[in-house]
Amino acid sequence: MAKVKNWHLGRDMEYVYEENRPKRQWSIVFDLNKCIGCQTCSMACKTTWTSGKGQESMFWNNVETKPWGSYPLGWDVKVLEKLGHQEWKKHEPYRGKTIFEAAEPTETTVHFFPTDEDWMYPNNGEDDCTGNVSHGTHLNLPHDQWFFYLPRTCAHCTYPACLAACPRKAIYKRPEDGIVLIDQSRCKGYGECVRSCPYKKSMYNPYTRTSEKCIGCYPAVEQGYQPMCVQNCIGKIRVMGFINPPWKARKDNPVDYLVHQMGLALPYYPQLGLEPNIYYIPPIHANREYLTQMFGPKVDDAIKQYKKIKDDPRTQGLLVLLGSTDRIMHSFDVKHGVAYGYDEKGDEIVSVPVIEHSYERPRYDSKYEAVRNNTP
Ligand code: SF4
Ligand code: SF4
Ligand code: SF4
């Protein structure tokens with residue numbers, strides 16, 4: 001095992017291969033406060049990439065209702081149970097074990113293999129609620145409740161478990177953008193990646209007898225466009241860009257800004273040790289213990305920060321740029337009430353007013369002697 005730097009954990013950890021970071025790293029940030037669970041992202045991916053034989057119940061992008069929803073069934077509960085009780089104190093590096101460090105000596109990771117039935121119910125638990133709403137409801141309900149939607153793609157991890165476990169070395173991480181791909185000509189369908197990915201984002205196709213996974217929409221990314229699931233997001237909750245590690249972070253890079261500069265967006269289940277490259281702005285209303293388990297001990301700070309955005313025009317500006325362009329934004333700026341996104345060359349690709357002004361017309365129009373109302 002090699003010693004590699006994992007900045008999510010704040011420490012070095014053990015991994016099968018030496019640290020080899022790509023020139024730049026594909027990444028998505030999701031604002032979970034805005035996801036409406038419409039599944040347009042799931043359908044955008046499905047109709048683009050997985051409409052073939054053997055892919056009937058394959059969703060490279062899925063959206064699950066937390067805490068009850070999961071696809072495949074119970075993936076998160078099972079992986080946490082396999083890893084066992086671990087602790088992570090606030091403002092300290094993670095001192096528990098990752099799935100690589102907790103593995104049996106003959107294994108690469110702590111793992112489990114979902115059954116065929118586990119993949120059969122992608123909408124399991126949809127819109128089921130639980131727990132306590134501490135803010136945000138005006139209803140005096142006789143019971144407590146909360147839920148939130150969690151959209152998920154492959155995280156194109158810095159330390160992919162799928163890649164580490166593949167006995168055929170069929171999985172590789174592209175040096176140019178960090179996208180993790182399965183070479184279909186090398187894959188023999190042993191399923192070690194399906195077993196080892198804790199997020200269960202590598203899936204077996206019984207028709208081709210190979211494993212398949214999200215390809216990060218690399219043909220679009222290579223042309224400077226964001227992935228299909230990002231471009232089509234109805235709630236405008238997502239932005240795809242290239243994240244730098246904290247020691248190379250740039251304040252004008254949208255993803256770096258949300259993750260490093262503001263500490264608003266957090267990786268999910270960072271304690272597993274993969275340095276996953278999808279980041280979430282946590283939902284402010286959900287149970288904090290649950291959120292801490294999912295996003296780590298920085299979740300309180302992220303929520304505190306999110307609540308300050310109403311007084312922060314720069315962050316507001318960046319959040320209105322989410323979903324405003326199909327192109328990849330390499331940098332952004334907010335000037336005189338307008339948010340701007342720029343491409344790699346620094347050319348402007350989008351501009352959006354930070355606050356959309358509205359004008360209320362008088363109810364009676366004296367010129368036309370007409371009363372305006374909202375009924376047809
Ligand atoms: S999320 Fe899973 S499939 Fe994707 S790169 Fe990480 S380990 Fe591999
Ligand atoms: S990035 Fe592309 S391949 Fe991956 S989940 Fe989104 S649409 Fe599907
Ligand atoms: S399209 Fe956007 S808003 Fe709709 S479920 Fe997907 S991530 Fe959420």
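The values are calculated or read from the model by the stated rules, or taken from the named source; none is laboratory data. Keep in mind that this is a model prediction, so the values were computed, not measured. Here the Cβ positions follow ideal geometry from the backbone for every residue, glycine too, while neighbour counts run over all protein chains shown.
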Kindly evaluate Tyr199 against the criterion of being within 14 Å of ligand 2 (Cβ to nearest atom), within 20 Å of the chain's Cα centre (by Cα), among the aromatic types (Phe, Trp, Tyr) and closer than 27 Å to Ala102 by Cα. yes
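Condition first: farther than 26 Å from Met294 by Cα, more than 16 Å from ligand 2 (Cβ to nearest atom) and in a loop (DSSP other than H, G, I, E, B). Now tell me which residues in segment 140-175 satisfy that.
Asn140, Leu141, Pro142, Cys166, Pro167, Arg168, Lys169, Ala170, Pro175
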Segment 1-43 - residue that is small (Gly, Ala, Ser) and within 16 Å of the chain's Cα centre (by Cα) and, of those, nearest to Gly216 (Cα to Cα): Ser27
Out of segment 215-253, which residues are in contact (Cβ under 8 Å) with a residue 24 or more places away in the chain, in a loop (DSSP other than H, G, I, E, B) and more than 14 Å from ligand 3 (Cβ to nearest atom)? Ile215, Gly216, Cys217, Gly224, Asn244, Pro245, Arg250, Asp252, Asn253
Please tell me if Met58 is more than 21 Å from Asn287 (Cα to Cα) and either buried (at least 20 other Cβ atoms within 10 Å of the Cβ) or within 16 Å of ligand 1 (Cβ to nearest atom) (or both). yes
Give all pairs with beta carbons closer than 7 Å in which a residue from segment 168-187 that is in contact (Cβ under 8 Å) with a residue 60 or more places away in the chain meets a residue that is assigned to a strand (DSSP E or B) and within 16 Å of ligand 2 (Cβ to nearest atom); count only pairs at least 6 apart in sequence or on separate chains. Lys173/Val180; Arg174/Leu181; Asp177/Trp26; Gly178/Gln25; Gly178/Trp26; Ile179/Trp26
When the residues of segment 67-118 are filtered to those that are in contact with a Pro (Cβ under 6 Å, 6 or more places away or on another chain) and closer than 28 Å to Asp12 by Cα, which remaining residue is modelled with the lowest pLDDT? Lys90
Based on what the data block shows, is Tyr218 of a type in the set (Phe, Trp, Tyr), at pLDDT 95 or above, in contact with a strand residue (DSSP E or B) (Cβ under 8 Å, 6 or more places away or on another chain) and buried (at least 22 other Cβ atoms within 10 Å of the Cβ)? no
Just to be sure I understand, how many residues within segment 70-90 are without any contact (Cβ under 8 Å) to a residue 40 or more places away in the chain and of a type in the set (Asp, Glu)? 2
In segment 169-186, residues that are surrounded by fewer than 15 Cβ atoms within 10 Å (Cβ to Cβ) and either within 16 Å of Tyr204 (Cα to Cα) or among the small types (Gly, Ala, Ser) (or both) total 4
